[in-house]
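Notes to accompany the following structure.
Read the figures in this text as sums done on the coordinates, not as results from a lab. Not measured: the values here are computed from a predicted model. Backbone-built Cβ (ideal geometry, glycine too); neighbour counts: all protein chains shown.
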Amino acid sequence: MSCRDCLSRREFLTRSTLAVAGAAAVVAGCGDGQIGAGGATAPILLTPLSFKVSAVPALATVGQLAFVPTDSRFAVKRTGPTTFLAMTTICTHEGTMISIVNNNTSFECPNHGARYDSNGNVTRQPQASGSATNLPTYQTSYDVATDTLTISSNFTTT
Ligand code: FES
């Protein structure tokens, strides 16, 4: 039997995963607008994210930040030859996606101007009511043989 409008099992699972991820992102951004200051919710990773580090030119240099190529809700900093720090790029104030600025060495939120250093620590509070907290960071592992960085769903808030 053929069905022009039916989804394959794989397509169904892919769309379902994206829908759940989108719903999680929406949940993370809703409520009373006080995402920061104790109410922060980190983006939920349903499955680990993996990518080849060599595919991201900024990550060739220690200290540089780059968005994760397959999911811009996350950024990575190279901290050493085989070590990396992963964090969310969702502002902890009210959930706006932050930008990488200053030659890939820090973050700034375009909404109310909160700033974060390359480790995700707040360096300037929003120019609005409420406050931002440090960006949640995610556990990473790096496979030197395949040049693959994996970001796990385990995160830490400080
Ligand atoms: S949402 Fe980022 S500073 Fe307000």
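Taking the Cα centroid of the range 134-158 and of the range 62-107, what is the distance between the two, rounded to the nearest whole Å? Spelled out, the Cα-based centre of one part sits 12 Å from the other. If R0 is 22 Å, the Cβ-Cβ spacing of THR70 and ASN121 corresponds to a FRET efficiency of close to 0.30. Between THR83 and ASN111, the FRET efficiency from the beta-carbon distance, with R0 = 25 Å, is close to 0.20. Packing, taken as the mean count of other beta carbons within 10 Å per residue, orders the peptides 73-82, 49-58 from highest to lowest as 73-82, 49-58.
Here each label is just a point 7 Å from Cα along the line to Cβ, and for ALA60 and SER129 those points are 4.9 nm apart. Roughly how many nanometres apart are two label points built 7 Å out from the Cα toward the Cβ at ALA145 and ILE44? Each label point is offset 7 Å from its Cα along the Cβ direction, giving 3.4 nm.
So if R0 is 22 Å, what FRET efficiency would LYS52 and THR156 give, r being the distance between their Cβ atoms, rounded to the nearest 0.05? Don't skip to the end; give the middle numbers.
Values: r = 25 Å, r/R0 = 1.14.
E between LYS52 and THR156, to the nearest 0.05, is 0.30.
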